[in-house]
Amino acid sequence: MDKVKISNTINRMGCGTEILYCTRVYCNARTYGGAWIPMEWILDTVFYLLRGQKQHCRASYLWERRHGKAQKTKSE
């Protein structure tokens, strides 16, 4: 299974839309704050430890912006 499909499936299981889970966390941390901020920190830390990638949630948001998928979050 593709990494994008896995992330989309996780997001749909959490009542999200057809975007990456990390993108949802990044947008909601900026919009609502609360528990989304520690979730973003946890995901960024996990991806830094596993792959050495800094700011994973921001990177996934920017990737979806470039590919036109993050526009679905604005219509909600």
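Filter the range 19-45 down to residues that are of a type in the set (A, V, I, L, M) and under 13 Å from the mean Cα position of the chain (by Cα) and give me whichever is surrounded by the fewest Cβ atoms within 10 Å (Cβ to Cβ).
Ile42
Are there helices (runs of 4 or more DSSP H) fully within the range 13-71 with at least 2 residues that are touching a residue at least 40 places away in the same chain (Cβ under 8 Å)? List them.
Correct list: 21-31, 56-66.
Each value in this text was obtained by applying a stated rule to the coordinates, not by laboratory testing. Everything numeric here is computed off the predicted structure, so don't read it as measured data. Cβ coordinates were reconstructed from backbone atoms using ideal geometry, including for glycine residues, and neighbour counts include every protein chain displayed.
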